[in-house]
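Beneath this line is the structure, given in structure tokens, with notes to follow.
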Protein chains: 2
Amino acid sequence: MTTIADVAKYTGLSRATVSRVINNYPHVSEQKRELVRQAMMELGYYPNSAAQSLRNQKTGIVAVLVPRLTNPFFTSIIEGLEVIAEKNNLQLLICQTKASKQKELSFLKLLKTKQVDGLIFTAIENEWSKIEPYVDCGPIILCNEYQDDATVPMIKLDQYNGSYMGTKHLIERGYKKIAFCGGGSESGLSLDRKKGFLAALSEAGIKGEDKWMFPFVYNIGDGKKVMKEILAMDDRPTAVFTSSDEVAAGIIKEAKDNNLTVPEDIAVIGFDDQAIAQIIEPEMTTIYQPSEEIGRVTMEVMIELLNNKAQSKMKMIYELPINLVIRKST
Amino acid sequence: MTTIADVAKYTGLSRATVSRVINNYPHVSEQKRELVRQAMMELGYYPNSAAQSLRNQKTGIVAVLVPRLTNPFFTSIIEGLEVIAEKNNLQLLICQTKASKQKELSFLKLLKTKQVDGLIFTAIENEWSKIEPYVDCGPIILCNEYQDDATVPMIKLDQYNGSYMGTKHLIERGYKKIAFCGGGSESGLSLDRKKGFLAALSEAGIKGEDKWMFPFVYNIGDGKKVMKEILAMDDRPTAVFTSSDEVAAGIIKEAKDNNLTVPEDIAVIGFDDQAIAQIIEPEMTTIYQPSEEIGRVTMEVMIELLNNKAQSKMKMIYELPINLVIRKST
């Protein structure tokens with residue numbers, strides 16, 4: 001634990017001077033003030049009053065970590081974050097991790113070095129234990145993604161129920177041979193989607209087939225590849241549950257290019273309800289995720305944390321609902 | 001012009017001490033070094049040797065300003081930037097301006113406060129005279145967007161020829177009543193696209209009709225609105241030239257929803273060649289823009305500037321070609 005004495009020793013100034021700087025008293029030169037502030041940062045000295053003083057030096061910037069910007073789901077979350085940020089004179093710094101653990105950690109340093117006031121994760125690559133040490137550097141929020149052991153506010157969607165509803169819809173339409181395309185990571189979000197899918201199957205007495213489970217599937221190109229694999233199978237599924245509209249669009253496109261009819265030959269359900277879901281033919285049945293709304297709620301919580309109106313080092317879960325949108329691909 | 005004497009006076013240290021810090025000599029405490037570095041930054045003192053010393057304190061971060069992330073064209077540029085940045089251990093900070101002049105200027109301050117090493121514009125909102133003062137703060141590059149009076153490297157695509165080719169293609173297919181959807185700003189890019197369009201019409205002896213010119217049209221929703229306006233006209237165009245695949249997708253979707261056939265009733269040409277161009281039916285004729293490539297080239301130039309292997313305060317233009325991709329919407 002760093003004390004005023006440590007700061008005094010480090011700067012070569014008297015304890016009285018350090019104390020005057022911390023309490024923002026007059027008659028201290030700007031050079032000395034700067035020296036003390038630098039030393040406090042370097043030594044990690046933040047008593048209440050000093051925290052108060054540092055708090056006034058806010059950057060007005062909040063960092064947002066996204067895995068990849070080419071997925072409209074994440075840019076839509078950013079739209080929501082931005083609406084509320086703008087009203088509160090905050091700016092967003094958007095950091096693309098490309099799902100790299102190392103990149104994620106280096107962006108976290110922006111919080112440690114006070115280059116940003118707060119940080120929002122829309123996906124998490126590292127284990128929580130690696131992120132935990134940064135919780136002391138400023139408010140951190142998990143938006144969309146979540147982890148059981150995280151000790152910060154989480155704003156999430158009801159992923160389990162989303163995939164349960166989607167799968168149940170396929171079963172109600174008479175499909176029994178259902179494939180699953182997912183993200184494949186061990187995050188709370190991915191696990192819950194898979195659980196929801198398997199729960200709906202199990203409820204209907206259907207056994208999930210391993211050969212029809214496709215992990216690590218994310219974009220249009222991946223969707224096309226999945227359909228190619230399905231076409232090569234002797235025993236093909238008659239419906240595909242996907243974790244993104246982009247994947248579903250790739251599957252539908254590849255199916256049509258191979259003279260299959262959707263949904264007669266193969267039904268496909270998306271996830272997100274992006275613009276592409278209504279542009280494609282047939283228009284896509286999908287799970288609507290309120291991506292802009294989750295962004296808005298997240299930024300509102302962030303602003304409360306920045307204004308110290310809420311406790312940031314505490315597990316809090318805000319859950320928003322998710323809906324099934326029935327169109328013509330199922 | 002700030003001198004060593006100014007730094008000495010500001011810090012309360014002797015000129016000899018300041019000089020020792022600048023030249024990185026031993027026997028100076030870390031506190032004094034920090035004090036001098038802070039003062040140099042605040043006073044804007046950068047002699048050659050000091051610049052050398054400061055250069056070692058790079059952040060390893062390059063800011064990228066984009067108007068909106070929901071347009072895949074910009075996220076694709078970012079993909080290209082990222083590939084080269086990663087190879088060179090640089091990180092990108094992506095700043096969404098939402099086409100706001102004020103936001104653009106506040107992001108520029110990141111360069112002034114040395115929070116980033118360099119800055120890339122993919123669109124420009126302010127006049128060049130407002131941006132010019134920041135040129136001294138670090139390397140700035142214009143990528144995609146360009147302005148005649150800018151005095152920095154510009155990596156651009158041949159927009160004039162792109163829209164000329166697209167329009168000529170429509171004319172060759174027999175269309176004479178051609179509408180134009182554009183961005184509407186006074187940037188070099190927007191002006192060149194309009195010029196190319198009008199040049200192709202003029203060459204074929206066709207007069208452009210003001211009533212068929214649609215400015216400030218950017219996304220799928222805008223495209224749908226344009227088609228609604230066209231449907232309400234007594235004298236309708238038989239083809240539409242657009243400045244983005246998203247706009248073209250909105251037009252095609254709205255046309256089909258109103259029982260028009262594309263291209264028989266109305267031909268539509270996109271711009272970009274995004275994924276949506278091949279997902280929609282009919283597949284879209286469009287102008288391919290090498291968005292990832294322009295990103296890669298831009299970051300290569302940025303790295304030369306950061307390593308002082310090229311002069312950053314100099315107008316330099318790199319122009320990449322652009323191609324017509326003929327599919328089924330024309």
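Every number here is computed from the coordinates shown, using simple stated rules; none is lab data. Bear in mind the structure is a predicted one, so any value in this text is a computation, not a measurement. Backbone-built Cβ (ideal geometry, glycine too); neighbour counts: all protein chains shown.
Observations on the model:
- Ratio of Rg to Rh over chain A (Cα coordinates, Kirkwood Rh, two decimals): 1.12
- When A:169, A:27 are arranged by Cβ crowding within 10 Å, least crowded first, meaning fewest neighbours, the order is A:27, A:169.
- Pairwise label distance in nanometres, residue B:315 with residue B:293, each label 7 Å out on the Cα-Cβ vector: 2.6 nm
- A:25, B:146 arranged by Cβ crowding within 10 Å, fewest neighbours leading: A:25, B:146
- Legend: residue pairs A:253/B:253; A:9/A:112; B:32/B:130, Cα-Cα distance threshold 27 Å; pairs beyond threshold, B:32/B:130.
- Environment charge of residue A:250, counting only residues whose C-beta is closer than 9 Å and scoring Lys/Arg +1, Asp/Glu -1: 0
- Each semi-axis of the equivalent ellipsoid for the protein assembly as shown is √(5λ) with λ an eigenvalue of the Cα gyration tensor; in descending order they amount to 49, 35, 19 Å.
- The orientation-averaged shadow of the Cα convex hull for the range A:66-218, equal to a quarter of the hull surface, comes to 10.2 nm².
- Peptide B:28-38 has a mean shielding of 3, counted as Cβ atoms of other protein chains within 10 Å of each residue's Cβ.
- Net charge in the neighbourhood of residue B:149 (other residues with Cβ under 10 Å of its Cβ; Lys, Arg +1, Asp, Glu -1) is -2.
- ³J(HN,Hα), Karplus 6.51/-1.76/1.60, whole Hz, each residue of the range A:120-125, x for Gly, Pro: 10, 9, 9, 7, 10, 9
- Aspartates and glutamates with Cα under 16 Å of residue A:168, excluding same-chain neighbours fewer than 8 positions away: A:158, A:192, A:203
- Seen against the Cα atoms of chain B and their longest principal axis, helix B:101-112 is set at about 30 degrees.
- Neighbourhood charge, 14 Å Cβ-Cβ cut-off, centred on residue A:223 and excluding it, Lys, Arg +1 and Asp, Glu -1: -2
- Take every DSSP beta bridge whose two residues both sit in chain A; close to 10 percent of them are antiparallel.
- Under 5 Å from the amide H of residue B:267 lie the amide H atoms of B:239, B:240, each residue being 5 or more positions distant or on a separate chain, with H modelled from the backbone and absent for Pro and chain starts.
- Note on B:77-89: average number of Cβ atoms from other chains within 10 Å of each residue's Cβ is 2.
- For residue A:257, label point 7 Å along C-beta direction: distances to other copies, nm: 2.7
- Choice from B:147, B:159, B:38 showing the highest fluctuation, given a GNM over chain B with Cα pairs closer than 10 Å: B:38
- In plain terms, if you count all Cα to Cα distances in the range A:233-279 and split them into 10 Å steps from zero, the share in each step is 27, 57, 14, 1 percent.
- For residue B:181, the residues whose amide H sits under 5 Å from its own are B:214, B:241, B:242, B:243, ignoring neighbours fewer than 5 places away on the same chain, with H placed 1.01 Å from N.
- Backbone phi angles across the range A:263-272, fed through the Karplus curve with coefficients 6.51, -1.76 and 1.60 (θ = phi - 60°), yield HN-Hα couplings of x, 4, 7, 8, 8, 9, 10, x, 8, 2 Hz in residue order; Gly and Pro are listed as x.
- Against the rule of thumb 2.2 N^0.38 Å, how large the Cα Rg of the range B:4-47 comes out: 0.97
- The simple Förster model, with R0 at 30 Å and r as the Cβ-Cβ distance, assigns residue B:304 and residue A:113 a FRET efficiency of 0.65.
- Ascending distances from the residue B:316 label point to its copies in the other chains, with the point 7 Å along the Cα-to-beta-carbon line: 5.0 nm.
- Within 10 Å of each Cβ in A:276-283, the average number of Cβ atoms from other chains: 4
- For the range A:203-268 versus the range B:10-38, the gap between their alpha-carbon centres in whole angstrom: 66 Å
- Shown is the FRET efficiency for residue A:325 and residue A:29, computed with R0 = 60 Å from the Cβ-Cβ distance and rounded to the nearest 0.05: 0.40.
- Highest-fluctuation residue, A:77, A:269, A:22 considered, GNM on chain A with Cα pairs under 10 Å: A:22
- Label geometry 7 Å along the beta-carbon vector: residue A:151 inter-copy distances in nm: 5.4
- For chain A, a Gaussian network of Cα nodes joined below 10 Å ranks A:42, A:104, A:209 by mean-square fluctuation, and the top entry is A:42.
- Each residue of the range B:66-81 is assigned a 3J(HN,Hα), and the resulting list reads 10, x, 8, 7, 6, 8, x, 4, 6, 5, 6, 4, 4, 4, x, 4 Hz, derived from the Karplus form 6.51 cos²θ - 1.76 cosθ + 1.60 (θ = phi - 60°), x at Gly and Pro.
- Counting neighbouring beta carbons within 10 Å and listing from fewest to most, the residues A:190, A:76, B:243 come out as A:190, A:76, B:243.
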